[in-house]
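Before we start, here is the structure in question, set down as structure tokens.
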Amino acid sequence: MSGICGFFNLDGAPADQNALRALASPLERRGPDRTGLWKSNSVGLGHTLLATTPEARVERLPLVHGATGCVITADVRLDNREELLADLQLSSHASGIGDGELILNAYLVWGESCVARLLGDFAFAIWDPRHKQLFCARDHMGLRQLIYHYSPGRFFAFATEPRAILTLDRRPWRVNEARIADFLVAPLEGVDHKSTFFEDVYRLPPAHRLILDAEGLRVERYW
């Protein structure tokens, strides 16, 4: 599985290339085939590729949509490619369209509801500069992971693994003892479905989407 990461400086500070590279670095063991980084203004996105499909080998993520400026990074393997290509009238370009680009096209047509049309394993983030919005989602069964940290009005970061979030020198990271107890006793998720082994570092639950914009952070179940 590939790795994804990114951040959004909610205080307007410019995205730092070194911080973005540090965020992506722990994920390169997951995605040794290629590392891609993108940043603009206060937002940075990263991707480390493990190529498991022919389309993945030709796709370059993060991917920018020229007409809208929307950008996607994704850890994804779609099972309903043919259906989506037909619905989006992209079948004639199928061989050159990766699963990440397919999700981005679905978002541009169906908006936030696009996630309900996706079948497969996925975790992705789309930056939409038109609305200054970050849109993230995780697959129905939670086979791909998305971890995040949110400091209201200051900073938001996400990654495939907590260890990437911990590279960010934003706060002293503390161990979440309740979650550790959960893990040691049994995988019962007795605390909740969002916590991780570190305080203020969260999991996006399976079948949920996350929207971050001027109104704040919203986490919603889509299935």
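Those residues that are among the basic types (K, R) and open to solvent by 60 Å² or more (accessible area, probe 1.4 Å), I need them from the stretch 82-140; list them, please.
R117, R130, K132, listed by residue number.
Next question, about the same structure. Give me the pairs, please: first residue somewhere in the stretch 195-218 and touching a residue at least 24 places away in the same chain (Cβ under 8 Å) and more than 19 Å from P162 (Cβ to Cβ), second residue anywhere and open to solvent by less than 50 Å² (accessible area, probe 1.4 Å) and small (G, A, S), beta-carbon distance under 7 Å, and either six or more positions apart or on two chains.
Close Cβ pairs (under 7 Å, with a partner that is open to solvent by less than 50 Å² (accessible area, probe 1.4 Å) and small (G, A, S)) amount to R209/A137.
Could you check the stretch 141-165 and list, in sequence order, the residues that are surrounded by fewer than 16 Cβ atoms within 10 Å (Cβ to Cβ) and within 21 Å of D16 (Cα to Cα)?
Listed by number, the residues that qualify are S151, P152, G153, R154, R163.
Based on what the data block shows, is A19 in contact (Cβ under 8 Å) with a residue 40 or more places away in the chain, part of a helix (DSSP H, G or I) and either farther than 18 Å from L168 by Cα or open to solvent by less than 20 Å² (accessible area, probe 1.4 Å) (or both)?
No; evaluated as a whole, the condition is false for this residue.
Next question, about the same structure. Any idea which of L119, L146, L166 is under 16 Å from the mean Cα position of the chain (by Cα) and either at pLDDT 95 or above or over 21 Å from L49 (Cβ atoms) (or both)?
Selected residue: L146, the only one of L119, L146, L166 that is under 16 Å from the mean Cα position of the chain (by Cα) and either at pLDDT 95 or above or over 21 Å from L49 (Cβ atoms) (or both).
Which residues, counting only those in the stretch 193-207, are in contact with a Phe, Trp or Tyr (Cβ under 7 Å, 6 or more places away or on another chain) and not in a loop (DSSP other than H, G, I, E, B)?
S195, F198, Y202
Check L88, L49, L63, L78 and return the single one that is of a type outside the set (F, W, Y) and touching a Lys or Arg at 6+ places or on another chain (Cβ under 8 Å).
Only one candidate passes the filter, namely L49.
Contact list please: Cβ distance under 7 Å, first residue in the stretch 181-192 and in a loop (DSSP other than H, G, I, E, B) and of a type in the set (D, E, K, R), second residue at pLDDT 65 or above and surrounded by 12 or more Cβ atoms within 10 Å (Cβ to Cβ), pairs at least six apart or on different chains.
E189/D182
Can you tell me how many residues in the stretch 52-74 are open to solvent by less than 20 Å² (accessible area, probe 1.4 Å) and more than 17 Å from the chain's Cα centre (by Cα)?
Of the residues in the stretch 52-74, 0 are open to solvent by less than 20 Å² (accessible area, probe 1.4 Å) and more than 17 Å from the chain's Cα centre (by Cα).
The values are calculated or read from the model by the stated rules, or taken from the named source; none is laboratory data. Just so you know, these numbers come straight off a predicted model, no measurement behind them. Glycine also receives a Cβ, built like all others from the backbone with ideal geometry; neighbour counts cover every protein chain displayed. We work out accessible area using only protein heavy atoms, side chains counted, and drop any ligands, DNA or RNA first. Shrake-Rupley method; radii C 1.70, N 1.55, O 1.52, S 1.80 Å.
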